[in-house]
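*Asks:* I am attaching a structure below and will ask some questions about it afterwards.
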Ligand SMILES: Nc1ncnc2c1ncn2[C@@H]1O[C@H](COP(=O)(O)OP(=O)(O)OP(=O)(O)O)[C@@H](O)[C@H]1O
Ligand SMILES: [Mg+2]
């Protein structure tokens with residue numbers, strides 16, 4: 001399980017985010033970027049954040065620490081912004097929090113170069129989880145303390161929206177032509193050689209165990225949250241072996 005905290009104060013909306021994530025203070029005195037369970041994108045976005053964020057961390061990427069944030073809808077009562085008020089009201093219970101990296105800058109590929117090795121690792125990881133949200137328009141990468149950090153893994157693993165077709169969907173190639181780092185000659189071959197062997201059943205069991213049960217209940221076709229956890233693991237294990245051979249890059253255009 002992830003560390004559990006309780007929101008004590010809503011600070012402000014993070015206006016850039018499509019899902020209107022908010023900044024909150026919690027009872028451990030930490031400040032978190034809150035992704036609401038009641039946001040339009042639904043709870044699968046939060047499952048994807050945990051599976052991909054925790055997997056990335058274990059593969060050696062820098063990812064802000066994830067927690068679950070208990071929200072009392074009463075927090076919304078004093079909010080002047082109607083949209084924020086609605087979100088808080090719809091999000092009672094367990095939400096996702098990401099440690100706020102104070103002073104982080106949005107990553108700009110024109111201003112900060114990364115080498116082929118690091119670019120390769122990130123592009124390979126995004127191919128593994130089928131991340132469609134790391135384009136040069138919206139990199140979802142941050143620069144903090146001189147390093148590149150990965151955020152926003154909500155738009156990944158498209159196959160979890162249609163489990164009966166998951167196998168076919170996960171067998172498809174990954175299109176990296178728009179990827180924020182495709183201009184840096186990503187060495188995905190070396191990344192695959194180093195990272196794919198780490199993507200094991202044991203590692204994924206550890207990763208998926210961190211997803212709260214409440215986000216895994218009542219999925220059609222699955223009797224228990226653990227059954228669904230295994231369904232999350234399978235396509236990733238299969239994809240890890242060969243996805244580097246199926247990445248479309250700028251050169252293929
Ligand atoms: N942990 C963090 N620390 C500091 N800033 C963050 C953090 N997480 C996100 N941000 C900032 O907030 C923005 C919105 O967050 P995020 O991308 O996760 O939300 P989103 O609603 O899924 O966004 P979108 O769908 O528009 O990409 C990020 O682009 C980034 O600038
Ligand atoms: Mg984003």
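All of the numbers you see were taken from the coordinates with simple rules; none came from a lab. These numbers were taken from a predicted model, which means no experiment stands behind them. With ideal geometry, Cβ positions are generated from the backbone for all residues, glycine too; neighbour counts draw on all protein chains shown.
*Asks:* Taking a ≥ b ≥ c as the square roots of the Cα gyration tensor eigenvalues, with a/c under 1.5 meaning rounded and otherwise prolate when a/b beats b/c, else oblate, which class fits the stretch 51-176?
*Replies:* Oblate.
*Asks:* Further, regarding this structure: How much length, in nm to one decimal, is gained on full extension between residue 190 and residue 132, taken as 0.36 nm per residue of separation minus their Cα-Cα distance?
*Replies:* Separation in residues times 0.36 nm, less the Cα-Cα distance, equals 18.7 nm.
*Asks:* Indicate the gyration tensor shape class of the stretch 3-99 (rounded, prolate or oblate), computed on the Cα atoms with a ≥ b ≥ c the square roots of the eigenvalues: a/c under 1.5 is rounded; otherwise a/b larger than b/c is prolate and the rest oblate.
*Replies:* It is prolate, given that a/c is not under 1.5 and a/b is the larger ratio.
*Asks:* In a GNM of the chain with a 10 Å cut-off on Cα contacts, which of 136, 159, 144 has the highest mean-square fluctuation?
*Replies:* Looking only at 136, 159, 144, the largest GNM fluctuation is found for 144.
*Asks:* Could you work out which residue, out of 162, 131, 95, moves most in a Gaussian network model of the chain, that is, has the largest mean-square fluctuation with Cα springs under 10 Å?
*Replies:* Of 162, 131, 95, the Gaussian network model singles out 162 as fluctuating most.
*Asks:* Now for a separate question. Any idea what the relative contact order of the stretch 105-252 is, in percent, if you count C-alpha pairs under 8 Å spaced at least 6 apart?
*Replies:* Relative CO of the stretch 105-252 lands at 32 percent.
*Asks:* State whether the chain is rounded, prolate or oblate according to the following rule on the C-alpha gyration tensor (a ≥ b ≥ c being the square roots of its eigenvalues): a/c under 1.5 gives rounded; otherwise a/b larger than b/c gives prolate, and the remaining case gives oblate.
*Replies:* It is oblate, given that a/c is not under 1.5 and a/b is not larger than b/c.
*Asks:* Pop a pseudo-label 7 angstrom from the Cα along the beta-carbon direction at both residue 111 and residue 44 and give the gap in nm to one decimal.
*Replies:* For residue 111 paired with residue 44, the spin-label model returns 3.5 nm.
*Asks:* Another one. Name the most mobile residue of 243, 11, 122, meaning the one with the largest mean-square fluctuation, in a Gaussian network model of the chain with Cα contacts below 10 Å.
*Replies:* 11
*Asks:* Full extension from residue 102 to residue 144: what is 0.36 nm times the residue separation minus their Cα-Cα distance, to one decimal in nm?
*Replies:* My answer for the length gained is 14.3 nm.
*Asks:* Something else about it: For a Förster distance of 35 Å, can you work out the FRET efficiency between the beta-carbons of residue 81 and residue 218, rounded to the nearest 0.05?
*Replies:* Plugging the Cβ-Cβ distance into 1/(1 + (r/R0)^6) gives 0.65.
*Asks:* For the chain, what relative contact order do you get, as a whole percent, if you take Cα pairs closer than 8 Å and at least 6 residues apart?
*Replies:* Relative contact order here is 21 percent.
*Asks:* In nm, what is the difference between 0.36 nm times the number of residues separating residue 9 and residue 183 and their Cα-Cα distance?
*Replies:* Additional length available on full extension: 58.5 nm.
*Asks:* In the stretch 3-99, what % of DSSP beta bridges are antiparallel (nearest 5)?
*Replies:* So the antiparallel bridges in the stretch 3-99 amount to around 85 percent.
*Asks:* Given Cα pairs under 8 Å that are at least 6 residues apart, what percent is the relative contact order of the stretch 3-99?
*Replies:* 32 percent.
*Asks:* Say each of residue 70 and residue 161 gets a label point 7 Å from the Cα, pointing the same way as Cα to Cβ; how far apart are those two points in nm?
*Replies:* Each label point lies 7 Å from its Cα, and together they span 3.3 nm.
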